[in-house]
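Participant: Structure below; questions to follow.
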C-alpha cells in the first residue's frame with residue numbers, strides 16, 4: 001500500500017493534468033484460494049474427472065476420430081478450472097493497479113490489453129467494504145452482477161468486467177475505505 005508514494009507507470013499514464021494521487025496499491029499477489037473455491041473446487045474435479053473418463057473411454061474403445069476430438073476441449077477446460085485458473089488469476093492480479101485520486105477511483109489492469117476503469121468520487125453513492133480479520137479486504141463500488149460464490153472465477157474471460165468496479169484483496173482495506181470516504185467529503189477545486 002502506498003500513500004501517494006511510488007506511482008506505477010500504468011497509473012501515471014492515466015492521470016489528468018492537476019490530478020493528485022492520494023493512494024495506490026495492488027491486490028494481494030501470488031497463487032491463492034478464495035472462499036468461493038469451496039464451491040468451485042468440487043465442481044472442477046467433477047468436470048475434469050468426467051472429461052478425462054470420457055476421453056480415456058473413447059480412446060480405449062477405438063471410437064471414431066470425431067469422438068476423440070470432441071472430448072479435447074472439455075479436457076482442456078477441466079485442466080484450466082482445476083489448476084490453470086489459479087495461475088491466470090495470479091497473473092491478472094500482478095498486472096492490476098489501483099489508485100484513489102482527488103477526483104476518482106481508478107483501476108488499470110489487463111494481460112493482453114490494458115483496461116482502464118474508473119468512477120468519479122462524487123458519483124460513488126454505494127461503496128461497501130468486506131474485510132477479513134487480518135485487515136485485507138475488498139472495496140466494491142456499486143453492485144456486482146456476479147454472486148459471491150463465483151468470485152473465484154475472476155480469471156474467466158470477461159468476468160472481471162461483470163464483477164463491477166472493486167479494489168479486490170487490498171491490505172489495510174479499512175484505511176483505504178476511509179480515505180475514499182474522506183476524499184468524497186473534501187471540497188473540490
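Participant: Check residue 23 against each of (1) crowded, with 17+ Cβ neighbours inside 10 Å; (2) more than 26 Å from residue 131 (Cα to Cα); (3) at pLDDT 95 or above and name the one condition it does not meet.
Facilitator: Here residue 23 meets the rest and fails (2).
Participant: Residue 53 fails exactly one of the following numbered conditions: (1) free of Cβ contacts under 8 Å to residues at least 24 places away in the same chain; (2) surrounded by 15 or more Cβ atoms within 10 Å (Cβ to Cβ); (3) under 28 Å from residue 31 (Cβ atoms). What is the number of that condition?
Facilitator: The number of the failed condition is (2).
Participant: Further, regarding this structure: Any residue at all in region 74-85 that's closer than 28 Å to residue 185 by Cβ and touching a residue at least 60 places away in the same chain (Cβ under 8 Å)?
Facilitator: Applying the first criterion (closer than 28 Å to residue 185 by Cβ) to region 74-85 yields none.
Within region 74-85, none of the residues are closer than 28 Å to residue 185 by Cβ and touching a residue at least 60 places away in the same chain (Cβ under 8 Å).
Participant: Could you grab the pairs with beta carbons closer than 6 Å, sequence gap of 6+ or different chains, first residue in region 163-175 and free of Cβ contacts under 8 Å to residues at least 60 places away in the same chain, second one part of a loop (DSSP other than H, G, I, E, B)?
Facilitator: Close Cβ pairs (under 6 Å, with a partner that is part of a loop (DSSP other than H, G, I, E, B)) amount to 163/144; 163/146; 164/142; 164/144.
Participant: State all residues of region 93-110 that are surrounded by fewer than 18 Cβ atoms within 10 Å (Cβ to Cβ) and within 15 Å of the chain's Cα centre (by Cα); if no residue qualifies, say none.
Facilitator: Here is the first cut: in region 93-110, the ones surrounded by fewer than 18 Cβ atoms within 10 Å (Cβ to Cβ) are 94-95, 102, 110.
Across region 93-110, the qualifying residues are 94, 95, 110.
Participant: Going by the conditions given, is residue 67 surrounded by 14 or more Cβ atoms within 10 Å (Cβ to Cβ), modelled with pLDDT of 90 or more and more than 30 Å from residue 106 (Cβ to Cβ)? Talk me through it step by step, then tell me what you get.
Facilitator: Numbers: surrounded by 14 or more Cβ atoms within 10 Å (Cβ to Cβ): yes; modelled with pLDDT of 90 or more: yes; more than 30 Å from residue 106 (Cβ to Cβ): yes.
So residue 67 fits the description; yes.
The values are calculated or read from the model by the stated rules, or taken from the named source; none is laboratory data. As the structure is a prediction and not an experimental result, all values here were calculated from the model. Backbone-built Cβ (ideal geometry, glycine too); neighbour counts: all protein chains shown.
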